[in-house]
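For reference, the structure is listed below as structure tokens.
Nothing in this text is a laboratory measurement; each read-out follows from the coordinates by a stated rule. Small disclaimer: the values here were computed from a predicted structure and weren't measured. Reconstructed Cβ throughout: ideal geometry from the backbone, glycine too, with neighbour counts over all protein chains shown.
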Amino acid sequence: MAEGKTGTTKVLMEETRIFEPPKALAENCNAWQWAKKKGFKTEKEMRAWCGEHYLEFWDEMAKTYADWYKPYTKVMDDSGMPYFKWFTGGKVNVFYNAIERHIKAGKGAKVAYHFIPEPTDQAEKDYTYQEIYETVNKLANGLKSLGVVKGDRVSIYMPMLPETVMAMLACAKIGAIHSLVFSGFSSKGFGDRVDDCQAKVVFTSDGFYRRGKPMPLKPQADEATKGIQSVKNVIVLKRTGIEVPWNDAKDVWFHELIKGQSAECKTEELDAEDRLFILYTSGTTGKPKGIEHAHGGYCVTPAQTLHWVFDLKENDVWWCTADVGWITGHSYVAYGPLCLGATTIMYEGSPDFPDFGRWYKIIQEQKVTVFYTAPTAVRMLMKQGEEWPAKYDLSSIRLLGSVGEPLNPEAYIWYRKNFAYDKAPIMDTWWQTETGCFVISPLPMTPCKPGSVAYPLPGFNTTIYDEEGNEVPLGEGGNIVNPTPWPSMLRAFYKDEVRYKKEYWDMYWKVKPGTYLAGDKATRDKDGYWFVQGRIDDVLSVAGHRIANAEVESSLVAHKDVSEAAVIGKPDEIKGEAIIAFVILKKDVKPSDDLAKELKTHVRTTMGPLAIPAGVYFVDDLPKTRSGKIMRRVVKAKALGNPTGDTSALANPEAVDGIPLI
Ligand code: WT7
């Protein structure tokens with residue numbers, strides 16, 4: 001083991017399984033086509049060259065993937081580090097790239113979104129590029145009529161609907177800055193964010209569907225914006241038709257706002273650095289961080305990474321299950337696929353309505369070819385058993401994807417087998433709200449190891465540093481860092497310069513200024529494959545040895561009786577921290593002392609004696625964020641009898657009650 005004080009960890013579990021991609025896929029994929037054209041002999045050679053020549057690489061990508069009103073004069077300007085600027089002097093607009101240019105190219109009739117409502121008795125609907133173009137133009141004119149101008153902030157609190165993307169696009173078109181807040185957030189959570197960015201206009205809907213039933217949303221938006229002076233208007237989309245409270249002075253229906261507006265509206269020619277959106281993400285302190293992103297970067301990397309990693313081709317049917325309210329939805333439901341002119345499935349509801357076959361049924365009916373979801377969803381479906389996928393024909397799938405947390409090897413193998421009969425490689429993509437696009441990921445030609453995110457993508461020099469800023473050797477772990485900038489990087493924290501510098505740039509400023517600290521730990525095995533171990537604050541220190549919570553969880557989930565696990569550290573006088581595991585068992589497995597003992601032995605055999613949990617507790621549920629991450633911090637607080645803080649942002653706050661005091 002490495003010394004605790006250096007902050008490094010060693011790989012305790014070695015993964016030896018390797019999955020080679022199907023030959024035809026590897027040969028013909030977009031990424032390899034580019035590499036061949038450039039004369040690269042191997043993938044490794046290509047990745048290395050693109051990192052070393054990252055400015056040249058991004059310059060080519062910016063010219064390939066985006067259309068510019070006016071060409072930029074400089075690819076990247078680091079004179080104001082850590083406020084990097086990209087594509088200086090260039091004029092651009094992501095709306096032009098996402099929609100308008102496809103109309104000009106005569107591709108308006110292509111379906112941009114195939115919308116599938118949650119209630120099974122409602123009709124599915126196609127939205128073409130042409131229809132989106134016209135509606136967004138009307139909506140942009142409507143926003144102007146309300147006095148919204150370039151630079152104004154517009155908060156969007158809407159369910160998973162094509163209109164939500166249209167609201168984003170209307171803002172982008174006129175240079176207003178959108179700020180989405182996931183519609184499952186409490187009104188307090190939403191209000192704090194509206195207030196922080198001082199939004200002028202708020203978008204919401206009368207309601208949304210949950211398990212097929214209409215639920216109100218507008219009252220939460222009213223509650224949230226009560227007393228916030230900056231909010232002049234609330235635009236309300238009619239989705240469910242339920243009665244909602246109405247304020248004539250402020251409220252306006254979405255359909256009435258666009259009625260009578262012209263379907264023509266000039267797209268604002270913006271500076272590449274003009275802000276496109278603010279998206280709030282939670283940090284270590286309670287206050288959410290408003291991450292700012294810019295137009296220029298967003299015209300390039302979501303499209304390029306989607307094209308390379310998921311190999312989208314003209315006739316692909318892409319389905320990313322993330323809600324548009326999260327970064328995954330921003331980059332890979334909205335901007336990325338639209339900029340590529342792709343067809344995307346948008347499903348309004350949950351995977352278990354009306355039963356656990358819903359997702360499989362959609363894949364079968366729509367002939368989805370590329371499917372991207374989160375490990376928590378995979379594990380949830382895994383728990384329901386193989387009989388559900390077996391009822392459907394999923395042979396259309398040629399690539400699978402995962403994001404959000406480590407995909408445990410157990411879930412990885414199940415996902416491959418049950419979603420695509422072991423024929424489709426899994427692209428496990430590591431990235432963050434802050435990065436705007438995939439950063440570490442396999443490409444379709446990469447041989448994959450279960451649980452690994454493979455290597456940094458072309459254009460990234462992502463590596464692993466110890467606490468002093470030295471690159472760690474293979475086999476050891478440390479902090480994920482980006483020593484060089486990238487086009488869709490975060491630009492700032494909304495009005496919080498101090499925290500921006502402190503959280504991302506201060507750590508290595510003295511030794512390597514301009515190095516981005518991601519806040520995650522990772523290791524690389526002897527072959528250079530990356531394994532993400534979790535957030536910096538989620539690494540345990542047991543008897544001077546650092547062990548990632550995620551690694552112990554992975555070991556537990558690999559046991560045949562375990563469905564999900566959360567591991568926390570309990571203060572221990574002798575060891576510093578003792579490992580405590582909370583475990584959800586698979587359907588029909590009974591908890592017992594013997595099983596708890598067996599699980600400890602299992603961790604001992606897979607990871608070694610250092611990692612044996614001091615306690616194993618069986619629970620029915622674990623508190624999770626809306627994006628599906630288990631909130632270890634909340635589990636830990638509850639288990640140790642400390643205040644759990646604000647749990648309103650959780651998907652299942654009731655799960656907290658089931659965590660025992662230990
Ligand atoms: C954090 C970012 C980026 C989209 C969804 C979440 C974790 C993300 C992976 C992965 C292991 C992952 C990291 C990261 N994460 N992808 N493939 N393997 N961990 O966005 O809410 O900004 O969270 O999610 O810890 O820092 P986010």
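Can you put 299, 50 in order of Cβ neighbours within 10 angstrom, beginning with the fewest? Intermediate results must be reported in sequence, preceding the final value.
Working: 299 30, 50 24.
Placing the least packed residue first, the sequence is 50, 299.
Dipole of the range 129-281, Cα-centred, from +1 at each Lys and Arg C-beta and -1 at each Asp and Glu C-beta, to the nearest 20 debye? Intermediate results must be reported in sequence, preceding the final value.
Numbers: 20 positive and 20 negative charges, 84 e Å.
The calculated dipole for the range 129-281 is roughly 400 debye.
Residues whose amide H lies under 5 Å from that of residue 274, counting only those 5 or more places away or on a different chain, are 295, 296; hydrogens are built 1.01 Å from N in the peptide plane. When the charge dipole of the chain is built from unit charges on Cβ atoms (+1 for Lys and Arg, -1 for Asp and Glu) and taken about the Cα centre, the candidate among 518, 556, 357 whose Cα reaches farthest toward its positive end is 518. Computed from point charges on the beta carbon alone (+1 for Lys and Arg, -1 for Asp and Glu), the dipole magnitude for the range 443-530 about its Cα centre is near 280 Debye.
I need to check one value: relative contact order of the chain, counting alpha carbon pairs closer than 8 Å and at least 6 residues apart, in percent. Write out the running numbers ahead of the final one.
Values: 1455 pairs, mean separation 93.5, N = 662.
For the chain, the relative contact order is 14 percent.
Dipole magnitude for the range 540-656: about 240 debye, using +1 per Lys or Arg Cβ and -1 per Asp or Glu Cβ, origin at the Cα centre.
Fewest-first ordering of 467, 264 by other beta carbons within 10 Å of each residue's beta carbon gives 264, 467.
Only bridges whose two residues both fall in the chain count here: according to DSSP, what percent of them are antiparallel, nearest 5? Let's see the in-between values first.
On the way: 58 of 94 bridges.
Of all bridge pairs located within the chain, approximately 60 percent are antiparallel.
Sorting the segments 516-525, 20-29 by their mean number of nearby beta carbons within 10 angstrom, highest to lowest, gives 516-525, 20-29. Our summary gives the range 540-656 a relative contact order of 22 percent, counting only alpha carbon pairs under 8 angstrom and 6 or more residues apart. Exposure proxy for 295, 102: other Cβ atoms within 10 Å of each Cβ, ordered fewest to most, give 102, 295. Here's how it looks for residue 427: its modeled amide H is under 5 Å from those of 400, 401, 402, which are all 5 or more places away or on a different chain.
Taken over the alpha carbons of the range 416-480 as equal point scatterers, the Debye sum produces base-10 log I(q)/I(0) values at 0.13, 0.18, 0.30 Å⁻¹ of -0.45, -0.78, -1.29.
Measuring from centroid to centroid over Cα atoms, what is the spacing of the range 366-385 and the range 91-114 in Å? The two parts, judged by their Cα centres, are 29 Å apart. Cα-Cα over 28 Å: which of 85/226; 107/173; 37/266; 110/250; 125/624? Pairs exceeding the cut-off: 85/226; 37/266; 110/250; 125/624.
Look at the dipole of the range 540-656 built from charges on Cβ: of 606, 619, 655, the Cα furthest out on the positive end belongs to 606.
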